[in-house]
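The values are calculated or read from the model by the stated rules, or taken from the named source; none is laboratory data. Predicted, not measured: the structure shown is a model, and the values here were computed from it. Backbone-built Cβ (ideal geometry, glycine too); neighbour counts: all protein chains shown.
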Amino acid sequence: MSELRDLLRRVERDLQRQGSGAEQSHPAALWRQLVELRERAEHGDPGDPELLGAAHALAHQTDDIAAPPPVRTVPARDRRGGGGAGRSRASAADADRTAAETVERLVTAVAAAIRAPSLHNSQPWRFVVRADRVDVRLDPARRLDVADPDGSAARIACGAAVHNLTLAFPVLLGREADVTVLPDRSDPDLVARLRPGQARPATPRERAGYAAIPRRRTNRYPFRDDVPVQPGQYWALGEVARAEHGWLTVITDADRRRRIGAMVAEADRTLSADPAYRAELASWVRRDPHTDDGVPTASAGIRPEVGDPLRGRDYGGRTRRPGRGFEAEPLLAVLGGPGERAADQITVGRALQAVLLAATEAGLAVSLYSQPFEVPAMRARLRRLIDRLGAPYLVLRIGYPSRPSPTTPRRPPPAVVDRAD
Ligand SMILES: Cc1cc2nc3c(=O)[nH]c(=O)nc-3n(C[C@H](O)[C@H](O)[C@H](O)COP(=O)(O)O)c2cc1C
């Protein structure tokens with residue numbers, strides 16, 4: 001109810017900021033949509049996913065009303081301060097101002113990047129920001145020793161952050177992001193380097209994806225049984241994964257769904273039998289809401305129980321009320337990428353975030369299950385069951401949320417950004 005009201009209020013504010021909407025065809029059309037949605041909200045169910053989806057779509061459209069002009073990029077010779085006799089003091093000051101403005105916008109882009117998902121909300125990243133680039137670095141100190149000894153989950157998280165940056169560049173800078181993955185063989189923690197490229201306005205898809213970044217979250221609650229995800233919707237999510245060079249296999253038959261559920265449960269039991277795993281997991285459970293990482297109790301969903309169709313990780317969630325379990329036949333999908341090299345895992349992270357943002361835009365919620373990929377024998381079994389070229393990395397449960405999940409905390413940009421001016 002309040003989500004819909006807040007969205008419509010935001011749209012109204014944006015349109016008013018624009019001035020008298022009636023004179024300009026674009027805002028006037030948006031204003032008519034706003035009025036129509038308000039009427040539908042009054043007469044229908046304000047929690048109706050279709051209505052909420054339409055309100056989100058309208059809110060995305062008004063985002064570009066406040067879009068900034070593209071920043072100019074600063075030629076390297078101006079930034080270095082050389083320039084010879086012909087270079088006036090005014091143009092030097094101009095270049096410095098432009099560089100400072102670009103750095104500010106790149107730090108804002110990092111604020112979007114860090115909304116990416118990461119295993120246990122460990123946020124295994126750092127960003128080096130300069131006027132001509134952002135480097136995304138894996139932070140080895142935040143890699144999970146027990147759950148992620150080879151760093152694949154950390155690279156997936158960093159890849160998801162890279163995807164957010166590829167949306168933020170055109171939206172905030174008016175420039176395409178030129179991305180080089182793993183640009184330096186001698187520096188494997190340097191995940192990607194992004195430079196402001198060709199000047200162009202952000203596409204509507206990029207704007208919509210960027211606007212979805214703060215609304216995306218992992219939802220560990222049961223999803224609605226009464227509103228199924230339509231085949232066209234999960235086909236579209238598969239296309240999104242493919243556009244990012246990943247793949248998403250939706251499990252439509254009950255037998256494979258049951259077998260994947262059994263693998264997740266078995267993997268979770270195997271992992272939980274290891275005291276080191278239990279200690280590591282417990283160290284990321286946050287009962288105090290005033291923290292900047294880990295999984296807070298409010299985001300933990302309901303506590304897993306034997307017999308759940310997909311066993312979630314136990315982050316200390318609420319005990320469920322009798323009869324309030326998970327959907328009997330959840331919609332499952334397996335996300336994968338080209339292979340098992342470091343670069344493939346970054347690709348998987350980019351594809352994951354693209355899928356999660358597209359799901360968010362469609363009003364869908366997603367829960368992630370990576371336990372089978374943390375037990376090598378189980379990973380091999382799942383690979384055989386899925387039988388696709390490349391490597392699988394994550395199981396996704398997708399559906400319409402029965403209740404929203406709160407946003408999880410992040411370490412703020414100053415804690416993760418190194419400026420190299
Ligand atoms: C590689 C990877 C694996 C994950 N595995 C799980 C998982 O097994 N169970 C789970 O509940 N969440 C899993 N997550 C989701 C994270 O816990 C979640 O992204 C993090 O707590 C931040 O919350 P948010 O997604 O709501 O922003 C995983 C995320 C990533 C990137």
For this session: Can you confirm whether the stretch 15-22 contains a residue that is at pLDDT 70 or above and basic (Lys, Arg)?
Result: no
Exercise. Is one or more of the residues making up the stretch 244-258 part of a loop (DSSP other than H, G, I, E, B), closer than 26 Å to Arg384 by Cβ, in contact with a strand residue (DSSP E or B) (Cβ under 6 Å, 6 or more places away or on another chain) and touching a residue at least 24 places away in the same chain (Cβ under 8 Å)?
Worked result: yes
Problem set entry | Flag if Arg341 is surrounded by fewer than 16 Cβ atoms within 10 Å (Cβ to Cβ), modelled with pLDDT under 95 and away from the ligand (no atom under 12 Å from the Cβ) | no
For this session: Count, please, the residues in the stretch 191-215 that happen to be part of a helix (DSSP H, G or I) and more than 14 Å from the ligand (Cβ to nearest atom).
Result: 8
Exercise. Looking at (1) charged (D, E, K, R); (2) under 20 Å from Val110 (Cα atoms); (3) in contact (Cβ under 8 Å) with a residue 12 or more places away in the chain, which is the one condition that is false for Arg205?
Worked result: (3)
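Yes or no, residue by residue, for (1) closer than 29 Å to Tyr400 by Cβ; (2) more than 14 Å from the ligand (Cβ to nearest atom):
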| residue | (1), (2) |
| --- | --- |
| Ser283 | no, no |
| Asp288 | no, yes |
| Pro296 | yes, no |
| Pro304 | yes, no |
Exercise. Taking Thr73, is it modelled with pLDDT under 95 and touching a Pro at 6+ places or on another chain (Cβ under 7 Å)?
Worked result: yes
For this session: Could you tell me whether any residue of the stretch 216-224 is farther than 21 Å from Leu385 by Cβ, in contact with a strand residue (DSSP E or B) (Cβ under 9 Å, 6 or more places away or on another chain) and away from the ligand (no atom under 16 Å from the Cβ)?
Result: yes
Problem set entry | Condition met for Ala59 (among the small types (Gly, Ala, Ser), at pLDDT below 80 and buried (at least 17 other Cβ atoms within 10 Å of the Cβ)) | yes
Exercise. Which of the residues that make up the stretch 345-397 are surrounded by fewer than 21 Cβ atoms within 10 Å (Cβ to Cβ) and part of a helix (DSSP H, G or I)?
Worked result: Glu361, Pro376, Ala377, Met378, Arg379, Ala380, Arg381, Arg383, Arg384, Leu385, Ile386
For this session: Go through the residues of the stretch 166-189 one by one and say whether even a single one is of a type in the set (S, T, N, Q), on the phi > 0 side of the Ramachandran plot and not in a helix (DSSP H, G or I).
Result: no
Problem set entry | the stretch 95-137: number of residues that are within 11 Å of the ligand (Cβ to nearest atom) and polar (S, T, N, Q) | 4
For this session: Starting from residues that are β-branched (Val, Ile, Thr) and crowded, with 20+ Cβ neighbours inside 10 Å, keep the ones in the stretch 255-283 and report whichever is nearest to Ala377 (Cα to Cα).
Result: Val264
For this session: Looking at (1) more than 16 Å from the ligand (Cβ to nearest atom); (2) surrounded by fewer than 18 Cβ atoms within 10 Å (Cβ to Cβ), find the lone condition where Val146 falls short.
Result: (1)
Exercise. Of all residues in the stretch 359-395, which are more than 15 Å from the ligand (Cβ to nearest atom) and closer than 19 Å to Arg216 by Cβ?
Worked result: Glu361, Ala362, Gly363
Exercise. Are there any pairs, at least 6 apart or on different chains, whose C-beta atoms fall under 7 Å, with the first in the stretch 362-387 and more than 21 Å from Arg313 (Cβ to Cβ) and the second at pLDDT below 95 and aliphatic (A, V, I, L, M), and if so, which?
Worked result: Gly363/Leu52
Exercise. When the residues of the stretch 398-408 are filtered to those that are closer than 26 Å to Pro228 by Cβ and assigned to a loop (DSSP other than H, G, I, E, B), which remaining residue is nearest to the ligand (Cβ to nearest atom)?
Worked result: Ser405
